[in-house]
1. Any idea which of Ala45, Ala23 is touching a helix residue (DSSP H, G or I) at 6+ places or on another chain (Cβ under 8 Å), assigned to a helix (DSSP H, G or I) and surrounded by 15 or more Cβ atoms within 10 Å (Cβ to Cβ)?
2. Do we find a residue being in contact with a Leu (Cβ under 7 Å, 6 or more places away or on another chain), exposed (fewer than 15 other Cβ atoms within 10 Å of the Cβ) and modelled with pLDDT under 85 anywhere in segment 75-88?
3. Is segment 26-34 home to any residue that is over 13 Å from the mean Cα position of the chain (by Cα), within 27 Å of Arg108 (Cα to Cα) and surrounded by 12 or more Cβ atoms within 10 Å (Cβ to Cβ)?
4. Return yes or no: is Ala62 surrounded by 14 or more Cβ atoms within 10 Å (Cβ to Cβ) and either assigned to a helix (DSSP H, G or I) or modelled with pLDDT under 85 (or both)?
5. What's the number of the only condition in (1) over 30 Å from Glu5 (Cα atoms); (2) at pLDDT 85 or above that Leu18 fails to meet?
Amino acid sequence: MSMAEGLPAWAALLTAFLVLLGAAVTLIGSVGLLRLGNFYARVHAPTLGTTFGMGCILAASALCFSVLEAKPVIHEILIAVFVTLTTPVTLMLLARASLYRDRTEGSRNVPSADDVEDLIPPKR
């Protein structure tokens, strides 16, 4: 016996749409990981795909269980907040560690610290 029998058709369709959209965006992020050239370009696609894809899937889960239980379900909101906060921080830490390693090894594929300072706008 499935709990989904009590789910109205509008909620089932919206849930299915959000799950498929989230899965598609996550898949696009994963393909971006394979297709992009260097590490610095590769870290962006999965990060964006994970964040948006996870948001769609969690929204579908929250909708489905909120309709079935006739009360708001907040577990998904807490998961979304945690993943949304930790994914960009992890991206920044990985990118900075890689940038530090590449600069200390003398790699020519990364900009020097002087070039990056020119991109930062002056303080007023």
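The values are calculated or read from the model by the stated rules, or taken from the named source; none is laboratory data. This one's a predicted model, so the numbers in the text were calculated from it and none came from an experiment. Quick reminder, even Gly has a Cβ in these numbers, built from the backbone with ideal geometry, and neighbours come from all protein chains shown.
1. Of Ala45, Ala23, the one residue that is touching a helix residue (DSSP H, G or I) at 6+ places or on another chain (Cβ under 8 Å), assigned to a helix (DSSP H, G or I) and surrounded by 15 or more Cβ atoms within 10 Å (Cβ to Cβ) is Ala45.
2. No, every residue in segment 75-88 fails to be in contact with a Leu (Cβ under 7 Å, 6 or more places away or on another chain), exposed (fewer than 15 other Cβ atoms within 10 Å of the Cβ) and modelled with pLDDT under 85.
3. Looking for residues that are over 13 Å from the mean Cα position of the chain (by Cα), within 27 Å of Arg108 (Cα to Cα) and surrounded by 12 or more Cβ atoms within 10 Å (Cβ to Cβ), one finds at least one in segment 26-34, hence yes.
4. Criteria met by Ala62.
5. Exception for Leu18: condition (1).
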